[in-house]
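The values are calculated or read from the model by the stated rules, or taken from the named source; none is laboratory data. Please read all numbers here as calculations on a predicted model, not as lab measurements. Please note: Cβ atoms are built from the backbone with ideal geometry, for glycine as well, and neighbour counts cover all protein chains shown. The area values use the complete protein model at the heavy-atom level, side chains included, leaving out ligands, DNA and RNA. Shrake-Rupley method; radii C 1.70, N 1.55, O 1.52, S 1.80 Å.
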Amino acid sequence: MGNLTLELGKISLTSTSTRIQLIGKGDTTERVFGMMYEFVDDSGRQLDYLTAFGTDDNNKEKALYHDIVLTPIQANAKSITIKPFYPEMEVPGATNGAYKLDADGEIVKNYIEELEMKVPLK
């Protein structure tokens, strides 16, 4: 998406969790830091976050490493889709504060289709 890129560093699947490392690079750290992710298997089941953190490790490329641990993926899943998005803020143009919620109480998401990736698992 312009000069903003997202790549899969690694993925590890166990019976207790799914661990994914994503590497974001781009024109501004704020655009990479503000990005969030949704993870869905090929049957449409969403994986839930267990924990996540990001670090830039003071690297020359100004890359941001996102290490995300999710609930385990089902054994028969053939792929996982990584869906990056920017959450909409309650106050338009704000960079922090409350997220805007839809009628179901879910965060309003602006998906970034150019950065979406489908990862085969088998």
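Here are a few things to note about the model shown:
- Expressed as a whole percent, the accessible area of the chain that falls on carbon and sulfur atoms is 49 (1.4 Å probe).
- Rounded to the nearest 20, the Cβ-based charge dipole of the chain about its Cα centre (Lys and Arg +1, Asp and Glu -1) stands at 480 debye.
- Ranked by the mean number of other Cβ atoms within 10 Å of their residues, highest first, the peptides 16-24, 109-117 fall in the order 16-24, 109-117.
- 222 nm mean residue ellipticity, helices alone, for the chain (DSSP H n ≥ 4; -39,500 (n - 2.57); rounded to 500): -1000 deg cm²/dmol
- Per residue accessible area of region 11-122, 1.4 Å probe, in Å²: 62 Å²
- Based on alpha-carbon atoms, the Kirkwood radius and the radius of gyration of region 33-122 give Rg/Rh equal to 1.00.
- The residue list Leu50, Pro92, Ala103 was ranked by how far each Cα lies along the charge dipole of the chain toward its positive end, using unit charges on Cβ atoms, and Leu50 comes out on top.
- Restraint check, Lys62/Lys100; Lys78/Lys109; Lys10/Lys100; Lys62/Lys109; Lys10/Lys78, Cα-Cα greater than 20 Å: Lys62/Lys100; Lys78/Lys109; Lys10/Lys100; Lys62/Lys109
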